[in-house]
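One structure below.
FYI, it's all coordinate maths here, none of it is from the lab. Since we're looking at a predicted model, the values are computed, not measured. Every residue, glycine as well, gets a Cβ built from its backbone with ideal geometry; the counts of neighbours run over all protein chains shown.
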Amino acid sequence: MITADLAWLTLAQAAVLIRDRELSPVEYVEALYARSDAYDNQLQSYLRTTRDIAISEAKQAEQEISEGSYRGPLHGIPYGLKDIIDYAGVPTTAHSKILEHNVPDRDATVTTRLREAGGVLMGKMATHEFAIGGPSFDLPWPPARNPWDRNYFTGGSSSGSGAAVAAGFIPAALGSDTGGSVRNPASLCGLVGMKPTYGRVSRAGVVPLSFTLDTVGPLTRTVEDNAIVLNMIAGPDPRDSASAQFTPPDFTTDLWKGMQGLRVGVIRHFYTRDMEAHPDVTQAVEEAVTLIGGLGAQVSEMQIEPLDAYASCNRTILLSEAYAVHERWLKERPSDYGASLRQRLLPGAFIRAVDYVQATRLRRRLMQQFDEAMRDFDVAITVSSMDPPGRIEDATEMARTYPRQARVPFNVIGCPALVLPVGFTESGLPLSMQIVGRAFDEPTVYRAAHAYEQATDWTARRPPLH
Amino acid sequence: MSDDKPTRNELEQYARQVGLVNLTPEQIDEFIRAETVARDLSIMLPRNFSMTDEPAITFRTREEL
């Protein structure tokens, strides 16, 4: 098998080949590094490759499998970690001068789980500084760029994770999502990205942004791959006080159940009334909704609170909690932040306690309202980004499009939300939709997404890297 | 802070009060703009004035719904 073929194996395909000893994990790792060596100078998706670790872990996997000790579908599979997630002995910088020399002595819980599953760490991936505030050009490392066109924004904050998976450097990566930071790069890079239910995946060993909003989730090229990775990282963790205390289901079980009979609510007012999405986005999502109806789902419109309510709730909570995280460094080292992040953090100094309390009360009301609305539906569908990717060096366009999104509501209410591609612009940039489920009902979200994916060929397209 | 828009001097004083003593003049400008951002956000935030008791946020499972 030649390098290009290996680059585009799905995780599930690679797992079968590795299990059957038709693919050497070491050769797989070497092929993927050869690809990133050739192209990542254009994309800057890696902050740091971890070649020695990768080769060592791949050799160990190969040895174990040859001895008949196959651990499961992540054994020998390469992955990347957003550089806010700890791997013992490897710097976690959060893409910031503030943590430039930070070397953790312990794995994040998600890292431990990936290591125990036999995964192979390829490197730490670019992010917006401290998972918010980019794209920035005044940090120790440049921002990642979109493989579909390097002049365009990857989305963020899990920008390197999105770029690397889309470019075929790795089949899977972990990101974090506080206001859409898994789903934004997945959307703009043409990937599948899952923000699991709050509490489903441990955040222990992950640099926090906002304690009551932060989640960790996978970015992959297919729905099945995404469910496989979530299987490995989900579950209770005593190191994370917000961790849900029950054993998760197998997220791949419902994948092949199809769309027939699912009740699908379309939250159309998010992108037609609360904000007006770009016509390309609206058309692609509406075509997807029509297809989903044709696959046997019962599709009808769903009404919840306008986007503004979610946005102000999210920002009030996020700014307050992020300021608490960063207060010491803002006092001692304000000039070591990039300007974009510092400007986003400083409003936290002015958020009044009463506003934080009111935001928390509003949050609870929004959660109750969504629960009630979902009594009539199995999943909800809406847009992810209101616009196709913008030009990364056009600060005005970045400022205009960054807040135009419908991801934040599902951080506020905590339920699972997945994005997947639904088409491309005329110039070949990815378009995406969002599928949302009830709290802890990721299996139904994956089921709907997989049924749609199987009926289209969007996830089979490849970016034109030269 | 008063309800009226604070002056630059008041905001510089507030920065010192909250320990932001290392801000450069350009960063003080950012701090002043941040006050406007937070003020606008506070105005936008829907408010609940009811006296109902508020239990903590919890997430319900699929089985409970």
(request) Would you please name the chymotrypsin sites (Phe, Trp or Tyr not before Pro) within the range A:1-101 that are DSSP coil residues with at most 15 other C-beta atoms within 10 Å of their C-beta? (result) A:8
(message) For the range A:3-460, what is the number of Lys pairs with C-alpha distance below 30 angstrom, counting only pairs 8 or more positions apart or on separate chains?
(response) 12
(message) Ignoring everything except DSSP H segments at least 4 long, calculate the 222 nm mean residue ellipticity for the protein assembly as shown; use -39,500 (n - 2.57) per segment, divide by total residues, nearest 500.
(response) -12000 deg cm²/dmol
(message) Once the cut-off is 17 Å, how many percent of the Cα-Cα pairs in the range A:330-409 end up in the long-distance tail?
(response) 69
(request) Have a look at A:341, A:14, A:169 and report the one farthest towards the positive end of the charge dipole of chain A, computed about the Cα centre with Cβ charges (Lys/Arg +1, Asp/Glu -1). (result) A:341
(request) Measure off 7 Å from each Cα along the Cα-to-Cβ vector at residue A:22 and residue B:54, then give the distance between these two points in nanometres to one decimal. (result) 5.8
(message) Using a Debye calculation, one point per C-alpha and no hydration shell, please list log10 I(q)/I(0) for the range A:1-103 at q = 0.10, 0.20, 0.24 Å⁻¹ in order.
(response) -0.32, -1.06, -1.28
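If you take every DSSP beta bridge whose two residues both sit in the protein assembly as shown, what share of them, in percent to the nearest 5, is antiparallel?
Given both bridge residues lie in the protein assembly as shown, the antiparallel proportion sits at roughly 70 percent.
Averaged across the residues of B:25-35, what count of C-beta atoms belonging to other chains lies within 10 Å of each residue's C-beta?
4
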(message) Explain nothing, just compute: Karplus ³J(HN,Hα) = 6.51 cos²θ - 1.76 cosθ + 1.60, θ = phi - 60°, for every residue of the range A:153-167 in order, whole Hz, x for Gly and Pro.
(response) 6, 6, x, x, 9, 7, 5, x, 4, x, 4, 5, 5, 5, 7
(message) Highest mean first, how do A:433-443, A:180-190, B:39-49, A:350-360 rank when packing is the count of other Cβ atoms within 10 Å averaged over residues?
(response) A:180-190, A:433-443, A:350-360, B:39-49
(message) Could you sort the peptides A:376-382, B:5-11 by per-residue average Cβ neighbour count (10 Å cutoff), highest mean leading?
(response) A:376-382, B:5-11
(request) Would you please classify the overall shape of the range A:3-460 from the alpha carbon gyration tensor, given that a ≥ b ≥ c denote the square roots of the eigenvalues, rounded means a/c under 1.5, and beyond that prolate means a/b larger than b/c while oblate covers the rest? (result) rounded
